[in-house]
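Only one structure is covered here, and it is reproduced in the block below.
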């Protein structure tokens, strides 16, 4: 009993002192904006921000509006935007879209996302491929509600 109680106190102290998940995340700011493709709102697209220290994502609604769920770091961020179209009759996730496993496979092989059968990436490579994206944004210190991207369809 005498050895268990000190061990319990040590574990309790370690847990309550911030050793849990999320304690090392840097401070972020709110980011919202709109995505259009060919002049039309892009519904259901995933918007990804990443820097050397942090990454975050959001999803566009019917009006093309997105908000990053965890915010972004102020300063320079690289952005890529992806929307997967699943042909009728193709394998799909439970909500009718692409499941997480399919997204991971496509993220590892962008050519897979552009193949003739199965799910297709509808956003041009220059915006949707994390290694080739031309999109960057400087996020201001207070955050922004005007992080808009007007993408060309081709």
> Under a point spin-label approximation (7 Å from Cα along Cα-to-Cβ), what is the residue 85-residue 70 distance to one decimal in nm?
Replying inline: 3.1 nm
> In nm, to one decimal, how far is the residue 141 label point from the residue 55 one, both placed 7 Å along Cα→Cβ?
Replying inline: 2.9 nm
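Any read-out appearing in this document is the output of simple, stated calculations on the displayed coordinates, not a laboratory observation. It should be emphasised that the depicted structure is a prediction, and the values quoted were computed from it without experimental measurement. Glycine gets a Cβ as well: all are built from the backbone with ideal geometry, and neighbour counts include every protein chain shown.
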